[in-house]
1. Could you tell me how many degrees, from 0 to 90 and to the nearest 10, lie between the Cα long axis of helix 227-237 and the main elongation axis, the longest principal axis, of the Cα atoms of the chain?
2. Among CYS252, CYS347, CYS300, CYS340, rank each residue by its count of other Cβ atoms within 10 Å, from fewest to most, as a rough exposure measure.
3. Testing the spin-label approximation: label points 7 Å from Cα along Cα→Cβ at GLU273 and ASP201. State their distance in nm.
4. Starting from segment 418-495, pick out the trypsin sites (Lys or Arg not before Pro) whose DSSP state is loop and whose Cβ has at most 10 other Cβ atoms within 10 Å.
5. Using a 7 Å offset from Cα along Cα-Cβ at SER43, what residues in segment 457-495 end up with backbone N under 20 Å from the label point?
6. Give me the one-decimal nm value for the distance between modelled label points at ALA465 and ARG381, 7 Å along each residue's Cα-to-Cβ direction.
7. Just name one of THR490, GLN199, GLY351: the one whose Cα is farthest towards the positive end of the charge dipole of the chain (beta-carbon charges, Lys/Arg +1, Asp/Glu -1).
8. Check the straight Cα-Cα distances from LYS449 and name the lysines below 28 Å, setting aside those fewer than 8 residues away within the same chain.
Amino acid sequence: MRVGVALAVTVCATSALALPSIGLARAAQLERRAASHGPIPVSVSAVTSEPGPPVPRNFLGLSFEALALPQIASYAGEGDLVTMLRSLGVGVLRFGGVTADEQVGWADEATPRPAWASRALEAGNLRELGSLTAASGWGVLLTLGFGHFEPQAAAREAAAAKAALGGSLEAIEIGNEPDSYARHGLRAAPWTPEQYNEQVDAYRSAIEALAPGIPLAGPDTSGSAAYEKWGLSEAIYQRPALLTGHHYPLGCAQHPAPTIGLLLSPRIRELEERSLRRYVFIAQETEVPFRLDETNSVSCGGVPGISDTFASALWAVSYVTQAMRLGAAGINLQGNPTNCVGYTPICAPNGEAAATGELEAQPDWYALLLAKALIGERPLRTIVGPAHRPNVVASAFDAADGTTQFVLVDDDAPGSRGAAMRLHVGAGFYGATVLSLTAPSPEALSGVKLGGRAVAANGSWSQPAVLPHAANRNGVITVDLAPSSAALVTVAPKG
């Protein structure tokens, strides 16, 4: 600021005849006015002394209804899915949801499709899924139906899955959101974790007899509110390989109704942090890792105009990095390959595309592409100030080679002043490269770009060879972050 004033004084002294009306007071007034319309300074510092554990290699994932498994599996040999999965590295495909309990039943020579099921899952579907996992390198988390008590059928399905998927079968889950069964008429009330565990024991005994050694995941609860009871019970009595649960920040029928502003609000982030901490606390206390195996923006399949917009990508960047920072073992964004107007990272825009696997990247997908750069890195405690600042999020991560990466998100609406993110890195670092995530507006359904590039028609995306650069000036790197945008800022050490 003082540089501008000094410059104004010099101009007046040397050009008094040319600028007779400009004086020192006027120059200072113009400077204050310019500052009031420029980006708001935000200080960001990373505490490097106590880094968290590395982000697991298979942290990122997608979640689908069990009903979608045959369709997804059919893309093993055609379409864009294999290319898209490879572009994220190694991840986990989870199949479950309410359809695993209420619509999809196992069928084979010894097991006719049950009367309650509208669709059957067969061994051929699982073999196709095995081809998909072999081609992509991804693993599978498979939910066995538990809404109707059928342990022998579940055991045959588990045995078929083990034969078809081999080592790519990460674990099985027994039931989807079993804590909600009494509310949905799938069990008589009262329905308790103790009753659940008794019935899970019967499933596990049947599965172990036909297909020993398959890891168990669960309890796959509907949210974190009941996790102190259900998650702790699962961890103690079942000793699963993985604890799992779900989260949706907004409800489709809530009051007030979901909006983009609410989705991107500091209040929602605060509630999400509380929820994640409940989950991770049980995981840490019982020494069983926790995976958020189903999540997205608004429940019930999402809300058009929110879940399918660029705002969902901004939300996902913040939430995925928040889960990394708090110590979750992984996260699966829920999607529907045939519904592009709800929540979904990828989908087919029409029936012909669905049949051939020509999938499109939705805004959520770009959040996963950005987050891929953080795999294997260690989250750092990040201090952001001042207290009264724009609606921004900042998270720092430390790589093994000494590189520090900052994820920055400005959730303010277009027309806001934006933020001048001042990253206090010290003199031991060079300047930074900036990979920006942008779109025309938070409401945009298209035009999303990462590093100025969209995902190609074949599902591929590659980072530009040259990215914008921000200089290190006296140990501080300033990145101007536009409203409704995000950025991955990479800072390399000297020497």
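None of the figures in this text is laboratory data; all of them are computed from the coordinates on show. Given the structure is predicted, the values throughout are model-derived calculations rather than measurements. For neighbour counting, all protein chains shown are included, and Cβ atoms are generated from backbone atoms with ideal geometry for every residue, glycine included.
1. 50
2. With the fewest neighbours first, CYS252, CYS347, CYS300, CYS340 line up as CYS300, CYS252, CYS340, CYS347.
3. Modelled inter-label distance: 4.2 nm.
4. Values: sites: ARG422, LYS449, ARG453, ARG473, LYS494; in loops: LYS494.
Answer in residue order: LYS494.
5. 472-481
6. Here the modelled spin labels are 4.3 nm apart.
7. THR490
8. Answer for LYS449, where 28 Å is the Cα cut-off: LYS372, listed by chain and number.
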